[in-house]
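First the structure, in the form of structure tokens, and then the observations on it.
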Amino acid sequence: MRKKRTPIVDLPPLPRGRVRIIEERCKGCAFCIEFCPQSVLVASRRFNSKGYHPPEIAKPEACVCCNLCWLVCPEFAIFSVPLTGRGFQRAREMEETGRLLVSSKEVS
């Protein structure tokens, strides 16, 4: 009879992130949608100013901030920031100062 092994320490919490999409840069290739391991993104029905369908965030709470979307995007139109730590603070500062506006807005 085998006994089930229990971990000595608690498992660390999963990292969490927030996906940022710069819609006007997107060309609708859907690589980010295809390669997202958590299926956070889906194709949008809306068009951007270039006539492409940018992705939209379907499950924001599922993002683990792996940045795979950023790695596969040929136009650098998508990235993720951690919900805690320095990266999140920097993104929040950029949003507050107007240097980073996401979704249907441009990055200045």
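The values are calculated or read from the model by the stated rules, or taken from the named source; none is laboratory data. No experiment lies behind these values; they were computed from the predicted model shown. Ideal geometry is used to build each Cβ from the backbone, glycine not excepted, and the neighbour counts take in all protein chains shown.
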Number of positions in the stretch 52-75 that are over 13 Å from the mean Cα position of the chain (by Cα) and either surrounded by fewer than 14 Cβ atoms within 10 Å (Cβ to Cβ) or polar (S, T, N, Q) (or both): 1
Residue list for the stretch 65-88, filter: out of contact with any Phe, Trp or Tyr (no Cβ under 9 Å at 6 or more places or on another chain), at negative phi, at pLDDT below 90 and not aromatic (Phe, Trp, Tyr): Leu83, Thr84, Arg86, Gly87
Of all residues in the stretch 8-51 being exposed (fewer than 10 other Cβ atoms within 10 Å of the Cβ) and β-branched (Val, Ile, Thr), the one that is nearest to Thr84 (Cα to Cα): Val9
Hits in the stretch 42-84 - residues which are within 19 Å of Pro13 (Cα to Cα), out of contact with any helix residue (DSSP H, G or I) (no Cβ under 9 Å at 6 or more places or on another chain) and outside any loop (DSSP other than H, G, I, E, B): Pro60, Glu61, Ala62
Neighbours by Cβ (under 6 Å, 6+ apart or cross-chain): first from the stretch 27-40, without any contact (Cβ under 8 Å) to a residue 40 or more places away in the chain; second of a type in the set (Lys, Arg): Val40/Lys59
Condition broken by Pro12, with the remaining ones in (1) without any contact (Cβ under 8 Å) to a residue 12 or more places away in the chain; (2) part of a helix (DSSP H, G or I) satisfied: (2)
Scan of the stretch 15-41 for residues that are assigned to a loop (DSSP other than H, G, I, E, B) and aliphatic (A, V, I, L, M), ordered by number: Ala30, Val40
So Cys36, is it over 15 Å from Glu75 (Cβ atoms) and either of a type in the set (A, V, I, L, M, F, W, C) or modelled with pLDDT of 90 or more (or both): yes
